[in-house]
Amino acid sequence: MNLLIEAAYFVAVWFIYKWVAPYFMKAAEKMDVNYSVVIASLVLALAMAYAADFVGLSAVVGAFFGGLAIRQTPQYKEVNSSVSAIGYSIFIPVFFADIGLSMTFASFFKDIWFIIVMTVLAILSKFWAGKYSSEVFGFTKGEGNIVGAGMVSRGEVALIVAQIGITHHLFPEDIYSSLILVIIVTTVVSPFILNYYIKKQKEDTSFM
C-alpha cells in the first residue's frame, strides 16, 4: 500500500512540474500583492515537502521537487534572488549553527579510525561512481576524473540526512559527531581533488 501511495506521489509531482507550477506562478504574478511570486513559490515548495512527509518520504525530497518545478517557470529568477537573500541571512546560518551545537568532540579520539575509514569510503565511493558512470555516457577518462572529483563533496543534503537519522534513532548518538566530521572533511577536500584533475586535464590536452 505504501508503495502505491509513494508511486501516486511521484505521478503527482510530474503533474505539478508539467502543469500546476507554471499556472500557479503565473497566477501569483498577476496578483496585486507585494512579493506574491516569492510567497507562492514558498507555498508550493513547502506544500510538496509536507506531501512527501505525509506519504512516508523525506520532506527534503518534496522540497527538492518543489524547487525543480519552480526552476522551469519564467518567474524563477525573481524567486531565486529573493529566496537566496532570506536563506543566506536566516535559514542557512541557523541550520549550520544547529549542526554545530549538536556536535561534540568527546569521542573524537575513540572514533578516529571510524572517521578515517568512513572518510576514505565516502571519497572513493562518490569519486568512482561519478567517474565510471560519466565514462559510460561518453566522457573521456580525464573528464570522468573531473566529474568524480566534483561529486566527492557530501554537502548540505548529507547533513540533513544525518539529522533525520539521529532524530529517528537510526544510528547511535555517539557516532553522530563522527559522521558530521566525515561530511565536513569530504566537503573540504573536494575542491583540492577537483583542482588537481582539472590541471591534469589541461596538461594532457596541451600535449595533444
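The values are calculated or read from the model by the stated rules, or taken from the named source; none is laboratory data. Everything quoted here is computed from the prediction, not taken from an experiment. Cβ: placed from backbone, ideal geometry, glycine included. Neighbour counts: every protein chain shown.
Check Lys18, Lys26 and return the single one that is part of a helix (DSSP H, G or I), free of Cβ contacts under 8 Å to residues at least 12 places away in the same chain and of a type in the set (Lys, Arg).
Lys18
Farther than 27 Å from Leu57 by Cα and either touching an Asp or Glu at 6+ places or on another chain (Cβ under 9 Å) or of a type in the set (D, E, K, R) (or both), is that true of Gly142? Give the derivation first.
Numbers: farther than 27 Å from Leu57 by Cα: yes; either touching an Asp or Glu at 6+ places or on another chain (Cβ under 9 Å) or of a type in the set (D, E, K, R) (or both): yes.
Considered against the rule, which asks whether it is farther than 27 Å from Leu57 by Cα and either touching an Asp or Glu at 6+ places or on another chain (Cβ under 9 Å) or of a type in the set (D, E, K, R) (or both), Gly142 comes out as yes.
Considering region 116-130, the residues that are of a type outside the set (Gly, Ala, Ser) and in contact (Cβ under 8 Å) with a residue 24 or more places away in the chain include one that is farthest from Ser190 (Cα to Cα), namely Met118. Scanning region 73-108 for residues that are more than 30 Å from Val182 (Cβ to Cβ) and out of contact with any helix residue (DSSP H, G or I) (no Cβ under 7 Å at 6 or more places or on another chain) gives Pro74, Lys77, Asn80, Ser81, Ala85.
Buried (at least 18 other Cβ atoms within 10 Å of the Cβ) and under 16 Å from the mean Cα position of the chain (by Cα): is that true of Gly66 in this structure? Yes; evaluated as a whole, the condition is true for this residue. Among the residues of region 173-208, the ones that are under 22 Å from Ser107 (Cα atoms), touching a residue at least 40 places away in the same chain (Cβ under 8 Å) and not β-branched (Val, Ile, Thr) come to 6 in all.
Taking the condition of being surrounded by 12 or more Cβ atoms within 10 Å (Cβ to Cβ) and either assigned to a helix (DSSP H, G or I) or of a type in the set (Asp, Glu) (or both), how many residues in region 69-90 meet it? Total meeting the criteria: 11.
Taking the conditions exactly as written (farther than 30 Å from Ala40 by Cα and at pLDDT 90 or above), does Ser125 satisfy them or not? I'd like the intermediate steps shown before the answer.
Numbers: farther than 30 Å from Ala40 by Cα: yes; at pLDDT 90 or above: yes.
Yes, satisfied.
This table checks each residue for (1) modelled with pLDDT of 90 or more; (2) more than 22 Å from Val61 (Cα to Cα).
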residue	(1), (2)
Ile92	no, no
Ser102	no, yes
Gly130	yes, no
Arg154	no, no
Ile160	no, no
His168	no, no
Phe171	no, no
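Return the residue satisfying two criteria in turn: it lies in region 46-60 and is in contact (Cβ under 8 Å) with a residue 12 or more places away in the chain and assigned to a helix (DSSP H, G or I), and of such residues it is surrounded by the fewest Cβ atoms within 10 Å (Cβ to Cβ).
Step one: of region 46-60, the residues in contact (Cβ under 8 Å) with a residue 12 or more places away in the chain are 46-52, 55-58, 60.
Now drop any that are not assigned to a helix (DSSP H, G or I), which leaves 46-52, 60.
Numbers: Leu46: 14, Ala47: 14, Met48: 27, Ala49: 20, Tyr50: 12, Ala51: 18, Ala52: 23, Val60: 17.
Taking the candidates together, the pick is Tyr50.
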